[in-house]
Protein chains: 4
Amino acid sequence: MSGSGKLPGLASDAVLKQSIPVPEDFQEVKGIDYSQDNAYNMRAKDLIKSMSTMGFQASSLSQACDIIDNMRSWRGKHKDTLEEHEQTGEFDDEGYQKTTIFMGYTSNLISSGLRDTLRYLVQHKMVSAIVASAGGVEEDLIKVLAPTYMGDFTLPGKGLRDQGMNRIGNLLVPNDNYCKFEEWIVPILDKCLEEQEEAMKKLGPKGLIAGSEAIWTPSKLIDRLGKEINDESSVLYWAHKNKIPIFCPALTDGSIGDMLFFHTFKASPQQLRLDIVADIRKINSMSMAASKAGMIILGGGLIKHHICNACLMRNGADYAVYINTGQEFDGSDAGARPDEAISWGKIKAEAKSVKVYADVSLVFPLIVAATFASEKPQN
Amino acid sequence: MSGSGKLPGLASDAVLKQSIPVPEDFQEVKGIDYSQDNAYNMRAKDLIKSMSTMGFQASSLSQACDIIDNMRSWRGKHKDTLEEHEQTGEFDDEGYQKTTIFMGYTSNLISSGLRDTLRYLVQHKMVSAIVASAGGVEEDLIKVLAPTYMGDFTLPGKGLRDQGMNRIGNLLVPNDNYCKFEEWIVPILDKCLEEQEEAMKKLGPKGLIAGSEAIWTPSKLIDRLGKEINDESSVLYWAHKNKIPIFCPALTDGSIGDMLFFHTFKASPQQLRLDIVADIRKINSMSMAASKAGMIILGGGLIKHHICNACLMRNGADYAVYINTGQEFDGSDAGARPDEAISWGKIKAEAKSVKVYADVSLVFPLIVAATFASEKPQN
Amino acid sequence: MSGSGKLPGLASDAVLKQSIPVPEDFQEVKGIDYSQDNAYNMRAKDLIKSMSTMGFQASSLSQACDIIDNMRSWRGKHKDTLEEHEQTGEFDDEGYQKTTIFMGYTSNLISSGLRDTLRYLVQHKMVSAIVASAGGVEEDLIKVLAPTYMGDFTLPGKGLRDQGMNRIGNLLVPNDNYCKFEEWIVPILDKCLEEQEEAMKKLGPKGLIAGSEAIWTPSKLIDRLGKEINDESSVLYWAHKNKIPIFCPALTDGSIGDMLFFHTFKASPQQLRLDIVADIRKINSMSMAASKAGMIILGGGLIKHHICNACLMRNGADYAVYINTGQEFDGSDAGARPDEAISWGKIKAEAKSVKVYADVSLVFPLIVAATFASEKPQN
Amino acid sequence: MSGSGKLPGLASDAVLKQSIPVPEDFQEVKGIDYSQDNAYNMRAKDLIKSMSTMGFQASSLSQACDIIDNMRSWRGKHKDTLEEHEQTGEFDDEGYQKTTIFMGYTSNLISSGLRDTLRYLVQHKMVSAIVASAGGVEEDLIKVLAPTYMGDFTLPGKGLRDQGMNRIGNLLVPNDNYCKFEEWIVPILDKCLEEQEEAMKKLGPKGLIAGSEAIWTPSKLIDRLGKEINDESSVLYWAHKNKIPIFCPALTDGSIGDMLFFHTFKASPQQLRLDIVADIRKINSMSMAASKAGMIILGGGLIKHHICNACLMRNGADYAVYINTGQEFDGSDAGARPDEAISWGKIKAEAKSVKVYADVSLVFPLIVAATFASEKPQN
């Protein structure tokens, strides 16, 4: 064929195949117009707006901001127009229904500088409930006691262990921080145990029925720790103050677990008990009570599944933003796209949802700057 | 410069820089020798052996097999030569110390065909303890009641929900399976609650001390479910039979959680309680009692952290194999390399450890074929 | 709500939604049946067969093997029954049409131990054409001159540079290897230049028309290097011997480029020229001539796109297997799924295609063991 | 052990291991201080500054901006103080040495809205040379002829092919765009061929020596296409106008290749030739001539390796920023960290370098807003 001078029809038909007329509602790909006056050192909202027609994850990021703005601005009926049994979920200061927002985050985000951003959201009541992994609870407390430091992903583990420096990605936590944490928490655990025992004595067999004050749960212990830490830099402090529950079904899976384990020796034969059944009732009830439910899920694993599962109880969330680096090819829940959750009834088919494929630390500061923190909070 | 005819020294010095003599212990990269007689339709062990000098994840996979063979073949002292307080951990049939192997897996692996492989390991007592996510518990039971099916990653969620088909990666679970699960488990939960209440009545205040039979924990409930399912295809059945504890601190985070939630309404005002403190004591105690500890962690999230954290209690595991698709760049625990765990004291500095970057379903069949299942089991 | 004893219908309707009857053609998820006699130290084909119903990437891997077996076993008409202009593409030894298989691989695979596997395929004429990146050409040659060694992903770059050790993933190439390569290749480049100049003198203006022997192309130079290296361990040697073209449009992007660059100084003002237009004609013509076209693409980047683009010339490949770790979320061609190539006409809509999400080194040994090397080659 | 009341020393020693005093130069992890006045709808530079101590990729992103600011602000000696043979590389308007910046990008970025950002950098002479993949050349031209549209990652390929809509991630390119491109480019290729032939006639044998006007190279053809497109929205237009070379060794690997292929039939027996050897000399010479060399590499594959390889000619770049989603575990060059390039002499050991693990579209708008576009350009 190499000698032939005739353009082969097979190739030209395939390459030059005609397309249908472009539908009118098609959106052109466009980027930043740098001839605009505001196109220098751009503000978050302008950047996000420009990214909406850029494609790839830029447009997903922009969509995430839209969805977050949708979920936080939605208002339904006024409380006064509702039957009493309908007066559930969240209401704004003027009495209108608003979205119940479930936010989930993994431990490492609290270790990172995102803690200040997460704290900001809780401080200003911008979310309704939180699901965190155990480290996402304890590292918030520990940071009140001593700082976490910048490190490097490649620092060799043996040298770090010899120095008592624990690595989390490119961060370092001196092990002394955990010693301080132990000193701080043991007296609190003593007191919790004491209260458990006293309530049991007081209530007798009734101490064990649902809702009894003798039953500690992860969320109840976390609330107590938030009260005790009493520091405005803390997420838990503001969650306690603003009555925003923090759920953590596997609260024993971290340093708090180590301390609870140690405490079983100190308390023996008594033991503080943490019941996880009461907490599943609590989070599921919040989901069912919500007028609309929104999910902002930062990271994968338990915290992602737990919020989604709670939203199944209402036949699906109305808004969903996932941000994580998981991939679906291994069938993991961490990597599952919002569309997978639709198959389960965890997100409504008509919900607005998006997944941003990114390290949360890379995009959440920009997202919050363009949404929750796009204007000064009023409270 | 383009007209010059002289080879520039800057470039040639950089490109042709001399290297030091190659150290004698350097291992040449080599692949499969296809001229060998066994180089056709190769057996697992031969493949794995050839992969050891291939580089990239091929050599990591081979290393994982070596480590697994190391952990399962290690033998220490005979029981009779040990003081009584030293007689802890695992022993082989002849009385010699052996490795306590902690295996962790995520829910999706039980949904996949790997369940048979995991069941095989438990059936033949090849592992000592398991940490699973909630789905890793319930899907094993549900599969006894009804099958899971092959699907596709791209099936649209809305259509699936309309049909009551739940998607897990490229698998499908008919929602009826969960209805069958509900029918099966509710009478069992009724009975567990009854036992809790009876034990409390019998024991009075003593019913609440550590180790009381009135206290249910996730691992205790899982063991009971394994007994009740009574089916040889089940991981839980064999775990019960072989006294291999299955830990799942967040047992409420899945369909079992839905059922426990529903049960709180049926049981009200009574409530089955699941205490997670007793379980953290149990797993940590196993870690401390072990002569040697090995970790085989399939997937990321809670199950990975939980086993590592337990091994911190003994100042580090002696063997560690991670298989997952997580990356370290986002600072997630899921993506953390074994060397990160060394900084925390969760893996010993001198331990043999490796991470294989892969979907578990892709490599674990080969790994097991070349290690645990390289010869017929004797029991 | 927490006091209520009535199971909420909202939740139970959502959780216990009924599913449609399972269609009869649904395939149950199943794993390895370890009670079978062949279930120990399994052979490649048995493993792959078991993986077909395991889900996730296990089933994709199994599908990849099926597709490869399909493409290599397909036979069309006998040559004698075809018009002369239809007698294009590949034929088996008995004269029947067979699939033209385009195999692509990235440089690192030749650096790894997979080189022996790739060489095996070329040696036994199991593929029809190759597209490689520049390193995929030169490292094959260099390995004849001196070995590559096992290293580690975490070896610090500065220390390695000081020692003249170049790192590729967890492999090391002593820089002396490149010095040896320079010594070997310079006389060959001298000769190629000489031939170019002689042909030009001989042919005059006709020396520059399409197909002239005075025009060197990447594929022609690669073929020559394969002839010169004259070593049975080499992919290029067998490609030369078996007339399997190796395409590498960016041949200057690697050590060969360094040598060609150096050579411009030595040869000045003459210069060896490498024309890439003649090569695009050559590969596209192969694609159009093929009776059926199959693609086996190992890795991403140029080599993936180049084969796909060639298959557009025939309105799509008939079989496609991608193996790589790229993801689609960043809009990269590397991460694009086969279905994206269908939109372009690079894969036929009715073709059999699959992507396996994996490091090639992890799965290709198993794939080849279960397909191309499942029985002894006859030639 | 479960009955024991004594805290085991093994566990407490491991958990409560003391750490060394924290070195004074350790940097605390910190996030955004939302009490600041500028902490609402933040500007790019403020966001980036806050991210520097956040950890994970947030701090890598901040570091990338620092390095870019470093490379663009560096100034060396004044031209007048240099010997003539030292007067190479880039100089600012006042005659001081500045960094030669090599920017690489993959095709998809030009398809995305980032094209405007990349064009801005070229328009304002903020980079010195570009390496692009073939699509990164042609899509820039095609966008002048007709737009690209927003689509979706999950649109099925068959339906798209039927409509003549080509998918790139979540973007769509109507196939008519390529027909328009063909109409536009064929007359230009005719003219290039004509010029090649005329120059050969004019120069005779001298037409083939290095640097002859009879020899077309990829970069020369790209420059010509930039001149011909003559549109201010085009990267190629500005590159031509500002004499910024665009290198693309595999220029045939895309639609331009299709057109060149078609053209071989139209031109037969003549043929436009594209020599890649002259281009490797050109880019390597730029690297050697540079006073300082900086790399900004957006994506992986050929464009990454090609810039790194050119910088080997000067024994390493002085600044390097990689942004991509590749991972090192598969030994790919795409996933190799900057430290790997140090082992090869492609980045200097003392250089400032960073890799940001992200889809470029997600972070490059923010990076440019905080660096190159942090103030109005003066030219």
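The values are calculated or read from the model by the stated rules, or taken from the named source; none is laboratory data. In this text the structure is predicted, and so the values were computed from the model without any measurement. Here the Cβ positions follow ideal geometry from the backbone for every residue, glycine too, while neighbour counts run over all protein chains shown. The area values use the complete protein model at the heavy-atom level, side chains included, leaving out ligands, DNA and RNA. Shrake-Rupley method; radii C 1.70, N 1.55, O 1.52, S 1.80 Å.
Mind scanning C:143/C:241; A:45/A:227; A:241/B:206 and naming the pairs with a C-alpha gap bigger than 28 Å?
Violating the 28 Å Cα-Cα cut-off are A:45/A:227; A:241/B:206.
Can you give the FRET efficiency to the nearest 0.05 for residue A:49 and residue C:158, using r as the Cβ-Cβ distance and R₀ = 51 Å?
According to the calculation, E is roughly 0.70.
Please report, to two decimal places, log10 I(q)/I(0) for region D:67-132 at q = 0.17, 0.26 Å⁻¹ as given by the Debye formula with identical point scatterers on the Cα atoms and no solvent.
Evaluating at q = 0.17, 0.26 Å⁻¹ gives log10 I(q)/I(0) of -0.68, -1.14.
Heads up, I need the accessible area for residue B:158: 1.4 angstrom probe, whole protein in place, Å², nearest 10.
Using a 1.4 Å probe on the heavy atoms, I get roughly 110 Å².
If I take the Cα coordinates of region A:65-189 and project them onto the principal axes, what are the three extents in Å, biggest first?
On the principal axes, region A:65-189 reaches 65, 39, 18 Å in Cα extent.
Please work out which residue of chain B brings its Cβ closest to the axis of the rotation superposing B onto A, and round that distance to whole Å.
In chain B, the Cβ lying nearest the symmetry axis toward A is B:301, 2.
In terms of modelled amide H atoms, which long-range or inter-chain residues lie less than 5 Å from the amide H of residue B:347?
B:317, B:342
In terms of the ratio Rg/(2.2 N^0.38 Å) built on C-alpha atoms, what value belongs to region D:65-371?
Ratio of Rg to 2.2 N^0.38 Å for region D:65-371: 1.03.
In Å³ and rounded to a whole number, note down the convex hull volume per residue for the Cα atoms of region B:116-221.
Per residue, the Cα convex hull of region B:116-221 comes to 140 Å³.
Shortest first and in nm to one decimal, what separations exist between residue D:375 and its copies in the other chains, measuring from label points 7 Å along the Cα-to-beta-carbon line?
Shortest to longest, the spacings are 3.3, 7.6, 7.6 nm.
Residues with amide H under 5 Å of residue B:101's amide H, sequence separation 5 or more or different chain, H placed in the peptide plane at 1.01 Å from N; which?
B:128, B:129, B:294
Label residue C:20 and residue D:124 with points 7 Å out from Cα along Cα→Cβ: what is the distance between them in nm?
Taking the simple label geometry, residue C:20 and residue D:124 are separated by 5.7 nm.
Using the beta-carbon distance between residue A:201 and residue D:6 and R0 = 22 Å, what value does 1/(1 + (r/R0)^6) give for FRET efficiency, to the nearest 0.05?
0.25
Where the label is 7 Å out from Cα toward Cβ, how close does residue C:211 come to the same position in every other copy, in nm, shortest first?
Listed shortest first, these distances are 3.6, 9.1, 9.2 nm.
With N set to the number of residues, divide the alpha-carbon radius of gyration of region D:289-379 by 2.2 N^0.38 Å and report two decimals.
Scaled against compact globular proteins, the figure is 1.12.
In region B:118-155, which residues have a backbone nitrogen under 14 Å from the label point lying 7 Å from residue B:191's Cα in the Cα-to-Cβ direction?
None, by backbone N distance to the label point.
Which distances in nm, rounded to one decimal and ordered from shortest, link the label point of residue D:156 to the equivalent label points in the other identical copies, with labels set 7 Å from Cα toward Cβ?
0.9, 5.6, 5.6
Could you give each residue of region A:293-307 its phi-based ³J(HN,Hα) in whole Hz, using Karplus coefficients 6.51, -1.76, 1.60 with θ = phi - 60°, and x for Gly or Pro?
Once θ is set to phi - 60°, the couplings for region A:293-307 become 10, x, 10, 10, 10, 9, x, x, x, 3, 5, 6, 5, 5, 5 Hz.
Past the 26 Å Cα-Cα mark, which pairs from A:220/A:304; D:125/D:220; A:292/B:304?
Check vs 26 Å cut-off fails for A:292/B:304.
Determine the shielding of peptide D:284-293 by partner chains: average, over its residues, the number of Cβ atoms on other chains within 10 angstrom of each Cβ.
Per-residue shielding by partner chains comes out at 3.
If r is the Cβ-Cβ distance from residue B:242 to residue A:270 and R0 is 35 Å, what FRET efficiency results, to the nearest 0.05?
Here the calculated transfer efficiency is 0.60.
Please give, to one decimal in nm, the separation of the simple spin-label points placed at residue C:227 and residue C:27, each 7 Å out from Cα toward the Cβ.
That separation, rounded to one decimal, is 4.7 nm.
For region B:324-341, just list the computed ³J(HN,Hα) in residue order, Karplus coefficients 6.51, -1.76 and 1.60, θ = phi - 60°, integers in Hz, with x standing in for Gly and Pro.
Coupling constants for region B:324-341: 6, 10, x, 10, 7, 5, 9, x, 6, 5, 3, x, 5, 6, x, 5, 5, 5 Hz.
Tilt of helix B:134-145 relative to the longest C-alpha principal axis of chain B, in degrees (0 to 90, nearest 10)?
70
Provide Rg over Rh for region D:27-98; use the alpha carbon set for both Rg and the Kirkwood Rh (inverse mean inverse pair distance).
Here Rg/Rh amounts to 1.24.
Counting only helical runs of four or more DSSP H residues, what would the 222 nm mean residue ellipticity of chain B come to if each run contributes -39,500 (n - 2.57) and the total is spread over all its residues?
The helix-only estimate for chain B comes to -13500 deg cm²/dmol at 222 nm.
In square nanometres, what is the average projected area of the Cα convex hull of the protein assembly as shown?
Taking a quarter of the hull surface, the average projection is 53.8 nm².
Within 10 Å, count the other beta carbons around each residue, average over each peptide in A:82-90, B:54-62, and list them highest first.
Taking the mean over residues of other Cβ atoms within 10 Å, the ranking is B:54-62, A:82-90.
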